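Down below is the structure, laid out as structure tokens.
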């Protein structure tokens, strides 16, 4: 399974990479919403921050979910307002996790999203 992590905070991206690789994912990390555009196709899981340079997580999520074979999308953000959550759910996002997050809870979410 391929995971794309779009996260501009290096320490969070590194932690996510470690956790996802330990679950058997091949992980690609991109720190910019605009740069994510070319990497969305073919990933099984998208772990996505909302506040990104280049393009917002809302834009990246909408593009990913419009693909012919969209990935499961887990939004990871410090912005936990109900309005943001409603907007992401409206786009079709599969999970919304607020920072700071528990590694255990995040990985339980990932496992539930990626079950065959």
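The values are calculated or read from the model by the stated rules, or taken from the named source; none is laboratory data. A quick note: this is a predicted structure, and the numbers were derived from the prediction, not measured. Don't worry about glycine lacking a Cβ; one is built from the backbone with ideal geometry, like all the others, and counts go over all protein chains shown.
Observations on the structure shown:
- Tally of residues being in a loop (DSSP other than H, G, I, E, B) and on the phi < 0 side of the Ramachandran plot across region 38-64: 11
- Yes/no for residue 73 being modelled with pLDDT of 95 or more, surrounded by 17 or more Cβ atoms within 10 Å (Cβ to Cβ) and either closer than 17 Å to residue 99 by Cβ or touching a helix residue (DSSP H, G or I) at 6+ places or on another chain (Cβ under 7 Å) (or both): yes
- Unmet requirement for residue 22, which otherwise passes all of (1) farther than 17 Å from residue 109 by Cα; (2) out of contact with any strand residue (DSSP E or B) (no Cβ under 7 Å at 6 or more places or on another chain); (3) at pLDDT 95 or above: (1)
- Test result for residue 29, assigned to a loop (DSSP other than H, G, I, E, B), in contact with a strand residue (DSSP E or B) (Cβ under 7 Å, 6 or more places away or on another chain), crowded, with 16+ Cβ neighbours inside 10 Å and touching a residue at least 12 places away in the same chain (Cβ under 8 Å): no
- Considering only residues in region 51-64 that are without any contact (Cβ under 8 Å) to a residue 40 or more places away in the chain and surrounded by 22 or more Cβ atoms within 10 Å (Cβ to Cβ), the one that is farthest from residue 78 (Cα to Cα) turns out to be 64.
- Residues in region 73-108 that are free of Cβ contacts under 8 Å to residues at least 60 places away in the same chain, in a helix (DSSP H, G or I) and under 15 Å from residue 15 (Cβ atoms): 104, 105.
- Selection within region 34-50 - touching a residue at least 60 places away in the same chain (Cβ under 8 Å) and surrounded by 17 or more Cβ atoms within 10 Å (Cβ to Cβ): 45, 47
- In region 1-26, the residues that are within 20 Å of residue 53 (Cβ to Cβ), assigned to a helix (DSSP H, G or I) and within 13 Å of the chain's Cα centre (by Cα): 12, 13, 16, 17
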